[in-house]
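**Q** One structure, pasted below without further comment.
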Amino acid sequence: MERDAKHDLGLCELTTEGPWYIDKIDSHDNSGPSATFYLVKSEHAANKDKIVADMILHGKDAEFIAMSREALPYWIKRAQEFEQDRTIDDLLEKDKTLLRNKISVAEDQINYWQKRYHDERDKCAELNIENEHSRFIIGEMNLKLNEYEQHPVFELISKREAAEAEVQRYREAINKAYPTIAGHYKRLVDSGETMAAGEWGEVARALYEVLGGDG
C-alpha cells in the first residue's frame with residue numbers, strides 16, 4: 001500500500017495528545033493462573049492518565065504504541081522536509097543550467113566582437129601608404145574602429161564586470177544573513193509555530209535560491 005505522508009500525519013494529530021506511557025497490570029484470578037497485560041496512557045496535562053489502548057498482551061507491542069505517538073509525527077515531518085529540499089535542489093539545478101547557457105552565448109558574442117576589433121586594428125597597422133588616397137583609406141578605417149569601440153558590446157563588458165561585483169557584494173550579505181534566518185525557521189518548526197515557520201521558510205528558501213545552494 002502506497003503511503004501518503006500528509007494523510008498519515010493528519011491521523012497522528014487526531015490521536016490523544018502525547019507523550020504516552022505504559023502501565024503494567026497484573027491480574028489475579030482465584031479460578032485460574034494470573035495474567036499480565038499492559039495499558040497505554042497519556043501523560044499530557046489535558047488528558048492526564050487517559051487510557052489510549054488497553055488489554056495489550058505483549059510489552060514490546062505496548063512500548064511501540066507508546067513510542068509511536070511522538071516518533072511517527074517527527075519522522076514524517078523530517079521526510080517531508082527532505083522531499084521539499086530535494087525539489088528545491090532540482091529547480092536550482094535547472095536554473096543554473098539555463099544561466100550557464102545564457103552566459104555561454106554572451107561570451108561567444110563578446111569573443112566575436114573582440115576578434116573583429118583586433119582584426120581591423122591589425123589591418124590599420126599594416127597600412128603604411130603616404131599618399132592622399134591611402135590616408136583617406138586609413139581615416140575611413142579609423143572611423144570604423146571608433147564605431148567598433150562605441151559598439152554596445154564593449155559597454156556590455158564594463159557593465160557585466162560592475163554587475164558581477166555588485167552580485168558578489170549581495171551574495172556576501174546574504175551569506176551572512178542566511179544562517180540566522182534558517183536557524184530562526186528551524187526554531188519555529190521545533191516549537192510548533194507552523195504559520196510563522198511557513199513564512200520564514202519562504203524567506204529562507206528565497207535566499208537559498210539566490211545563493212545557488214552555497215548558503
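The values are calculated or read from the model by the stated rules, or taken from the named source; none is laboratory data. These figures come from a predicted structure and were not determined experimentally. Note that each Cβ is placed from the backbone with ideal geometry, even for glycine, and that neighbours are counted across all protein chains shown.
**Q** Test of understanding: among 2, 70, which residue is assigned to a helix (DSSP H, G or I) and charged (D, E, K, R)? First the steps, then the outcome.
**A** Details: 2 fails: assigned to a helix (DSSP H, G or I).
Within the list 2, 70, the selection yields 70.
**Q** Looking at residue 59 and the list (1) in contact (Cβ under 8 Å) with a residue 24 or more places away in the chain; (2) of a type in the set (Gly, Ala, Ser); (3) under 28 Å from residue 194 (Cβ atoms), which single condition is not satisfied?
**A** Failing condition for residue 59: (3).
**Q** Read through the list (1) within 30 Å of residue 209 (Cα to Cα); (2) at pLDDT below 80, then give the number of the only condition that residue 145 fails.
**A** Result: residue 145 fails condition (1) only.
**Q** For residue 77, are the conditions met, namely being within 29 Å of residue 194 (Cα to Cα), out of contact with any Phe, Trp or Tyr (no Cβ under 6 Å at 6 or more places or on another chain) and either touching a residue at least 24 places away in the same chain (Cβ under 8 Å) or β-branched (Val, Ile, Thr) (or both)? It would help to see each step written out before you state the result.
**A** Values: within 29 Å of residue 194 (Cα to Cα): yes; out of contact with any Phe, Trp or Tyr (no Cβ under 6 Å at 6 or more places or on another chain): yes; either touching a residue at least 24 places away in the same chain (Cβ under 8 Å) or β-branched (Val, Ile, Thr) (or both): yes.
For residue 77, the condition - within 29 Å of residue 194 (Cα to Cα), out of contact with any Phe, Trp or Tyr (no Cβ under 6 Å at 6 or more places or on another chain) and either touching a residue at least 24 places away in the same chain (Cβ under 8 Å) or β-branched (Val, Ile, Thr) (or both) - is met.
**Q** Pairs only if they're at least six apart or on different chains, beta carbon under 7 angstrom, first in the stretch 98-109 and on the phi < 0 side of the Ramachandran plot, second modelled with pLDDT under 80; list them, first residue then second.
**A** Pairs found: 109/153.
**Q** Restricting attention to the stretch 54-66, does a residue exist that is in a loop (DSSP other than H, G, I, E, B) and more than 30 Å from residue 209 (Cα to Cα)?
**A** Residues of the stretch 54-66 that are in a loop (DSSP other than H, G, I, E, B), as a first pass: 57-58.
Pick out the ones that are also more than 30 Å from residue 209 (Cα to Cα) and you get 57-58.
Scanning the stretch 54-66, I find at least one residue that is in a loop (DSSP other than H, G, I, E, B) and more than 30 Å from residue 209 (Cα to Cα), so the answer is yes.
**Q** How about the stretch 186-205: which of its residues are over 21 Å from residue 174 (Cβ atoms) and not aliphatic (A, V, I, L, M)?
**A** 190, 191, 192, 193, 194
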